[in-house]
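These notes are about the structure you will find just below.
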Amino acid sequence: MSDKADIVNVSSEREEEPESFEASKLGRKDHWDSVYDREINTFRETGDIGEVWFGEDTAAKMVTWVCNNIEDTEARILDVGCGNGHLLLELAEDGYTNLTGTDYSPQAIELAKGIADSRGLGDTITFVEQDFLNPTEVARIAGDDRFDVVLDKGTYDAICLKPKDGGADVDQKAIDTYPVSVVGSLKDEGVFLITSCNWTEDELVARFATHLECVGRVKHRSFKFGGAVGQTVATVAFKKRSL
């Protein structure tokens, strides 16, 4: 994905934390359909798989976290908003065999399938269209067994920019539904790993506190600005809260 919200993620405490952002095209399905239409054409013409959102280093750190923490290579792993499928392609190369990628854009799914097939991984990774904010769709993809791991690299960010009824306000119902969908997709002992460029580590922990508890954080390159230490992205691992 080539477009990003123009927001810097600062992990230190701030006097005022934004509760939300203004709605953006980055939260609209038609925008991503158009993006992946272009990337499909580029892939067919040049073999370029398209943008790796947040960069390959960030994706590599998520893959490394999974490899270091999920020993079972047959663990059910779901990538929500998989885009071109890059995360799952890397996990497949590392030996994981029970991989599912979902996206609400059919063009993204077409692109991801094409890339996987070109690498001989079409039988290893399942890519399927899904509206992650629809409980029926969540249950359909999760099945009775649900997933051991749910991954998100930028999807929650996009949902936080989703317009309400096409207007300038964000769709708060969609934002509130997201963690419920994560819980509905996870096994009781499952793990959720999310990377965001719009929210700090502490903000992610606070936003998901009702449903999920933090069990780990992934460090990224940091910077100093105005006396505060921050990082451009945040990656946090969660598990379900005990009932």
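The values are calculated or read from the model by the stated rules, or taken from the named source; none is laboratory data. None of the values given here were measured: they were computed from a predicted structure. Here the Cβ positions follow ideal geometry from the backbone for every residue, glycine too, while neighbour counts run over all protein chains shown. Keep in mind that these areas ignore ligands, DNA and RNA; they rest on the heavy atoms of the full protein, side chains included. Shrake-Rupley method; radii C 1.70, N 1.55, O 1.52, S 1.80 Å.
Points worth noting:
- When peptides 203-209, 63-69 are ranked by their average number of other Cβ atoms within 10 Å per residue, the highest-first order is 203-209, 63-69.
- The stretch 122-243 - accessible surface per residue (Å², probe 1.4 Å): 48 Å²
- Selection of GluC sites (Glu not before Pro), the stretch 20-64, meeting DSSP coil and at most 15 other Cβ within 10 Å: E22
- Karplus-derived 3J(HN,Hα) values for the stretch 88-102, using 6.51 cos²θ - 1.76 cosθ + 1.60 with θ = phi - 60°, are 6, 4, 5, 5, 5, 5, 8, x, 6, 10, 10, 10, 10, x, 10 Hz; glycine and proline are entered as x.
- Measuring max minus min along each principal axis, the C-alpha atoms of the chain give extents of 51, 39, 36 Å (largest first).
- Over the chain: helical MRE at 222 nm, DSSP H runs n ≥ 4 each giving -39500 (n - 2.57), nearest 500: -11000 deg cm²/dmol
- Couplings for the stretch 122-136, taken from phi via the Karplus curve 6.51 cos²θ - 1.76 cosθ + 1.60 with θ = phi - 60°, read x, 8, 9, 10, 9, 10, 8, 6, 7, 8, 5, 9, 9, x, 5 Hz in order; Gly and Pro are left as x.
- Of the solvent-accessible surface of the stretch 68-153, computed with a 1.4 Å probe and all protein chains present, 37% belongs to carbon and sulfur.
- A Förster radius of 51 Å combined with the Cβ-Cβ distance from E22 to N69 puts the calculated FRET efficiency at roughly 0.90.
- Between D169 and R38, the distance separating the two model label sites (each 7 Å from Cα on the Cα→Cβ line) works out to 3.1 nm.
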